[in-house]
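The values are calculated or read from the model by the stated rules, or taken from the named source; none is laboratory data. What you see is a predicted model, and the numbers here were worked out from it, not measured in a lab. Counting neighbours? That spans all protein chains shown, and the Cβs are built from the backbone with ideal geometry, glycine included. Keep in mind that these areas ignore ligands, DNA and RNA; they rest on the heavy atoms of the full protein, side chains included. Shrake-Rupley method; radii C 1.70, N 1.55, O 1.52, S 1.80 Å.
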Amino acid sequence: MSKSWPGLVTHYRDRLRLSPHAPAITLLEGNTPLIPAPKVAERLGGDCEVFLKYEGLNPTGSFKDRGMTAAISQAVADGARAVICASTGNTAASAAAYAVRAGLECMVLIPDGKIALGKLAGAIAYGAKVIAISGSFDDGLRMVREVADRTQIALVNSVNPARLEGQKTAAWEVCEQLGRSPDWLCLPVGNAGNISAYWLGFTECGDCSCGSKPQLLGAQAAGSAPIVTGIRVDNPETRATAIRIGNPARWQQALTAIEESKGTILSVTDEEIFSAYHFLARKEGVFCEPSSAAGVAGLIKSVDAGRVVVKDKRIVCVLTGHGLKDPDSAVADAPEPTRIEANLDALMRVIDA
Ligand code: F0G
């Protein structure tokens, strides 16, 4: 039997810029599957290979656990007593869980009424102090940055460099799993930490002998697409609430990543996001949260428009969060279950219908 997975801080320790004495605060995150997606490949025309990096299988159900194991480990090394973040939901749940693991207090600011139920449930279950603000994620981030400047409370949003150290490991895993770097890597973009982290990872992929890097394809929701339009959005809107962000903290770094990779960033409508979301669940059997499907939506849109040519290419789409994070989106617009009396006749009538 192979040695069991120790979590990514321990596994990649010598390649991460963390304090050498930082303990590994871990829930054994990382090491997520790269699932072939033949139906998506077929939808793109057939002569390419597509894989889904299913980050929803991390311990709290999203890719945030990669950055959080690193950020909380570093916070402990720095002597922090408490951590704080602003969040559209996943960062909050992740911070809350890793804070428990480290014995730290955790406070999370969320936009009131604009986070998916499974994320709120996580933050509450892990015992964080949940503060709902009458504002956007961007307002919350501004507030927690000021708190971190004035107090000893550690900020664990992706403006914290340790977060990117953890998240960049996903790029290395993808290369290890494919045996080389993909040609394209597609992902949703909100605060732009993840796209920046992937690029950091690919540029530091020293151990991998492929010698090449992917082109990055970032997708923003049309109502929250500041990087695409070049204009900050004061009132961002989208049903993909995880990426409802109008002023990304790592905006410039994302632009650099896209430019250096000769990639692209585009906006996708909520209709396109939900169409990709349903496609993944119903055709591939992979259930992600709506925002996670934005990368796939962006890929399909770019290929349909002739902006991206995928013939003979290997493409990885990052599915950032699990579908169960957002049960309301899953059942919205869906038909009610067929209700019957609990007897065989009634069941046979439904089966035969
Ligand atoms: N996908 C999901 C499921 C997310 O939760 C996020 C960000 C993103 C994509 C975008 O990643 O911000 O690094 O560009 N969620 C943050 C949060 C903002 O608070 O959970 P990004």
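For this structure, a couple of remarks:
- Whichever aspartates and glutamates have a C-alpha closer than 20 Å to that of K311, once near sequence neighbours (fewer than 8 apart) are set aside: E42, D47, E49, D183
- In the context of the full protein assembly, D139 retains an accessible surface of approximately 50 Å², using a probe radius of 1.4 Å and ignoring ligands and nucleic acids.
- Bridge type composition, the chain - antiparallel percent by DSSP, nearest 5: 15 percent
- Rounded to whole Hz, the Karplus (6.51, -1.76, 1.60) HN-Hα couplings of segment 326-342, x for glycine and proline: 10, x, 4, 5, 5, 9, 5, 6, 8, x, 5, x, 6, 9, 9, 6, 7
- Under 17 Å from the Cα of K114 - aspartates and glutamates, other chains or at least 8 residues apart: D138, D139, D234, E237, D270, E289, D326, D328
- The packing ranking, built from the mean of other Cβ atoms within 10 Å per residue, places the peptides 329-336, 229-236, 25-32, 58-65 in the order 58-65, 25-32, 229-236, 329-336, highest first.
- The chain: C-alpha gyration tensor shape, a/c 1.5 cut-off, then a/b vs b/c: rounded
- Net charge of neighbours whose Cβ lies under 13 Å from the Cβ of E271, counting Lys and Arg as +1 and Asp and Glu as -1: -1
- Amide H partners (placed H, <5 Å) of I35, local residues excluded: L52, K53, Y54
- A 1.4 Å probe run over segment 1-112, with the rest of the protein chains in place, finds 39 Å² accessible per residue.
- Summary of the geometry: segment 11-43 and segment 146-205, compared by the centres of their Cα atoms, lie 10 Å apart.
- Take every pair of alpha-carbon atoms less than 8 Å apart whose residues are at least six positions apart; their mean separation over the length of the chain yields a relative contact order of 19 percent.
- T269 paired with E146, simple spin-label distance in nm, labels 7 Å along Cα-to-beta-carbon: 3.9 nm
- Cα-projected label distance for D328 with D352, points at 7 Å along beta-carbon direction, nm: 4.2 nm
- Per residue, segment 252-353 exposes 54 Å² of accessible surface when a 1.4 Å probe is rolled over the protein heavy atoms with every protein chain present.
- Across K39/K129; K53/K301; K53/K262; K64/K313, pairs whose alpha-carbon gap is larger than 31 Å: K39/K129
- Three-way shape label, segment 206-260, alpha-carbon gyration tensor, a/c 1.5: prolate
- For the chain, the fraction of 1.4 Å probe accessible surface lying on carbon and sulfur atoms is 51 percent.
- Solvent-accessible area of Y126 with every protein chain in place, 1.4 Å probe, in Å² to the nearest 10: 80 Å²
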